[in-house]
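J.: Structure provided below as structure tokens; questions to follow.
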Amino acid sequence: MQKSAQKTIEPRAYDALIQEGFIRQTDLIKAIQESLQGLTDLEGLLLEKYRVPKAALGKALSAFFDCPYIPYDERTLVDPQLLNNLSKDYLRRHHWLPLKQQGDILDVLIDNPHDLDRGHDIRRSFPGMTIRYALGLRCDIERFLSDTIGNTDCGSIADTLGELVHDAHQEQSLDVNSDGIDENDSAIVRLANQIIAEAFRHDASDIHIEPYSDRKETAIRFRVDGTCSTYMKIPAIYRRALVSRIKIMSSLDISERRKPQDGKIRFKMSQGREIELRVATLPTAGNNEDIVMRLLSAKDPLPLDAMEFAPATLTKLLEIAEKPHGIILCVGPTGSGKTTTLHALLRHLNTDERKIWTAEDPIEITQEGLRQVQVHPKIGFTFASAMRSFLRADPDVIMIGEMRDRETADVAIEASLTGHLVLSTLHTNGAVETVVRLLDLGCDSFNFADAMQGVLAKRLCKRICVDCKASYHPTAQEYDKLVHGYGAHAWETLGLSYGEDFQVYRGQGCDTCNQTGLKGRVALHELLCGSDELRNLIQSRAKTTEMQSLAAKEGMITLVQDGILKVLAGLTTYEQVRAVAMK
């Protein structure tokens with residue numbers, strides 16, 4: 001009876017699956033015959049028995065019906081008002097669902113847009129509307145319906161969003177700028193917790209909450225592997241309540257909306273793991289407040305061996321780290337892993353014979369054996385004052401979170417010249433530029449030249465997804481780009497010529513990497529070591545190009561060269577290296 005009420009999809013709709021090797025012709029015929037017996041529908045057989053990927057099936061049917069394919073996504077919200085006059089059982093039996101309405105255009109998700117009977121039903125249900133079809137698999141339509149009707153498991157983010165959308169329709173008379181929605185409302189509390197939990201599950205480094213004026217929805221964006229993307233949107237009426245909820249969690253003043261505030265959240269996950277979030281609020285246009293939360297989930301230091309240094313770079317780094325005094329700087333942009341690298345170095349130095357003091361803001365990674373101090377600039381306890389205190393506390397090694405000013409740099413240089421090893425970070429583009437930056441700050445060139453042991457520049461670039469990585473033979477133009485980027489003279493030392501056996505790698509795209517071919521990040525390093533010739537150039541305040549030439553002559557592997565070595569090793573692509581390391 002169900003089959004007679006619905007038009008069967010033509011077998012040729014699945015030809016693309018055969019052509020692309022997802023199923024054999026004989027197996028498709030068997031599946032069609034089995035589905036005609038009425039026990040299981042064809043879609044279920046293809047997905048479960050014949051292991052056809054959902055994305056491939058959706059793509060094939062989308063091409064056949066010439067309409068977009070929309071897979072299930074818990075962030076896609078169905079407007080509950082569109083279901084008011086429809087039987088939920090009817091929608092489940094006939095596999096269609098109104099998704100959203102824009103003016104007089106209605107988007108409808110359906111498993112067979114060519115079914116005339118269901119087309120008549122849809123037009124009768126929404127008279128006067130222009131119907132725009134999207135292809136949906138039956139299993140996905142069922143999940144959208146379950147989310148909207150509320151039959152999903154308690155605690156899912158889809159449930160909470162559905163509840164908020166439903167309540168927003170009830171509250172449309174409220175002014176979005178009013179405080180009519182309470183930040184202690186159970187749905188708001190759950191939503192704030194679920195946003196943090198979802199960000200952690202997606203390996204996000206930052207969460208951005210971005211409210212807009214009028215009745216425009218509030219965007220929630222995650223930064224994953226260095227790239228921001230919109231994760232979901234929530235009704236405008238809840239923007240003030242969500243911001244206030246986050247401020248309560250981070251012990252901030254919810255009544256102060258005119259100036260930025262900083263705070264922290266200690267958040268306990270359902271598995272019992274605790275993560276810390278650094279919270280910053282900023283007043284934005286339309287009397288709104290943006291919130292940015294950085295997830296600080298790495299509590300234990302990584303070993304240096306796990307940081308994918310080039311062997312020559314790691315050997316030199318360990319050599320200068322064993323010096324009894326001097327300065328080692330780790331430099332790079334925000335979020336490039338400078339603090340993580342310094343803690344890995346401290347893990348190597350952390351022995352019973354050494355007394356190690358650190359001044360950090362905030363303390364992100366903890367280690368037993370280190371005496372770690374949180375600085376408080378608002379009360380005058382700065383990096384410089386912390387370092388002066390350390391000098392009276394019998395240190396062997398001192399780590400300073402950041403050299404933000406000349407005072408901190410001068411105290412660090414003084415400490416290194418009086419027999420201490422000093423580690424710190426700086427925001428610069430490269431190792432050689434760091435030297436010039438410190439001299440521009442006003443540091444004494446002779447003292448700095450004597451103190452400097454090494455400068456390690458860092459970048460993080462996107463890694464090829466290990467689940468869909470495949471080798472290929474690059475074109476001659478791609479090979480020439482690698483040679484040019486590495487330096488023609490230096491390339492000769494690698495002994496790699498262009499031939500049929502020359503291979504590089506790329507990601508083909510899979511569910512693990514969300515079809516991007518990239519998942520995770522890999523570190524690029526550039527280590528400038530202090531030598532007698534370099535110290536002479538620093539003392540004479542030589543140009544950057546002169547120092548760069550000397551460093552290359554002494555064997556420094558640049559960020560781009562290290563990146564290209566990782567391209568050849570199959571860890572990343574040349575495009576990703578160019579994006580973060582090219583000047």
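J.: Got a number for the accessible area of Tyr72? Probe 1.4 Å, square angstrom, nearest 10.
T.: 50
J.: Dipole magnitude of the stretch 1-146 about its Cα centre, charges +1 at Lys/Arg Cβ and -1 at Asp/Glu Cβ only, in debye to the nearest 20? Could the numbers behind the result be given before it?
T.: Details: 20 positive and 21 negative charges, 29 e Å.
Taking the Cα centre of the stretch 1-146 as origin, the dipole is about 140 debye.
J.: Something else: Keeping every protein chain in place, order Ile29, Ile209 by accessible area at 1.4 Å, biggest value first, i.e. largest first. Please report the intermediate quantities before stating the final value.
T.: On the way: Ile29 75, Ile209 0 Å².
The residues order as Ile29, Ile209, largest area first.
J.: Could you please report the charge total around Asp467, scoring K, R as +1 and D, E as -1 over all other residues with beta-carbon less than 9 angstrom from its beta-carbon?
T.: Computed value for this residue: +1.
J.: If you don't mind, another one. If you take the charge dipole of the chain about its Cα centre, with +1 on Lys and Arg Cβ and -1 on Asp and Glu Cβ, which of Leu135, Thr313, Val455 is farthest toward its positive end?
T.: Leu135
J.: At 1.4 Å probe radius, can you tell me the per residue accessible area of the stretch 289-403 in Å²?
T.: Numbers: 5070 Å² over 115 residues.
With all protein chains present, the stretch 289-403 gives 44 Å² per residue.
J.: With angles folded into 0 to 90 degrees, how steeply does helix 559-568 sit against the dominant principal axis of the chain? Use alpha carbons for both and round to 10.
T.: That helix lies at roughly 50 degrees to the long axis.
J.: Rounding to the nearest 10 and keeping the result within 0 to 90°, find how far the Cα-based axis of helix 239-249 lies from the longest principal axis of the chain.
T.: Approximately 50 degrees, to the nearest ten.
J.: With every protein chain left in place, what is the accessible area of Arg273 in Å² (1.4 Å probe, nearest 10)?
T.: 110
J.: Hey, another quick one. Going by Cα centres, the stretch 389-437 and the stretch 509-530 are how many Å apart?
T.: With the stretch 389-437 and the stretch 509-530 each reduced to a Cα centre, they are spaced 29 Å.
J.: Here is a follow-up. Residue by residue through the stretch 442-457, which ³J(HN,Hα) values in whole Hz follow from phi under the Karplus form 6.51 cos²θ - 1.76 cosθ + 1.60 (θ = phi - 60°), with glycine and proline marked x?
T.: Running phi through 6.51 cos²θ - 1.76 cosθ + 1.60 with θ = phi - 60° gives x, 5, 5, 5, 6, 5, 5, 4, 5, 7, 5, 9, x, 10, 10, 8 Hz.
J.: Here's a follow-up. Among Phe502, Gly517, Gly530, whose Cα sits farthest toward the positive end of the charge dipole of the stretch 486-530 (+1 at Cβ of Lys/Arg, -1 at Cβ of Asp/Glu, about the Cα centre)?
T.: Gly517
J.: How much of Ser146 can a 1.4 Å solvent probe reach, expressed as accessible area in Å² and rounded to 10?
T.: Here the accessible area works out near 20 Å².
J.: Measure nothing but the geometry: give the 0 to 90° angle between the long axis through the Cα atoms of 116-125 and the longest principal axis through the Cα atoms of the chain, rounded to 10°.
T.: That helix lies at roughly 80 degrees to the long axis.
J.: Please list, in chain and number order, the residues 5+ apart from Asp444 or on another chain whose amide H is under 5 Å from its amide H, with Hs placed from the backbone.
T.: none
J.: Given charges of +1 on the Cβ of Lys and Arg and -1 on the Cβ of Asp and Glu, with all other atoms neutral, how large is the dipole of the chain about its Cα centre, in debye to the nearest 20? Each step should come with its number before you reach the end.
T.: Numbers: 70 positive and 82 negative charges, 64 e Å.
The dipole magnitude comes to about 300 debye.
The values are calculated or read from the model by the stated rules, or taken from the named source; none is laboratory data. The structure displayed is predicted, hence computed values, not measured ones. Quick reminder, even Gly has a Cβ in these numbers, built from the backbone with ideal geometry, and neighbours come from all protein chains shown. Areas reflect the complete protein model, heavy atoms only, side chains present, ligands, DNA and RNA absent. Shrake-Rupley method; radii C 1.70, N 1.55, O 1.52, S 1.80 Å.
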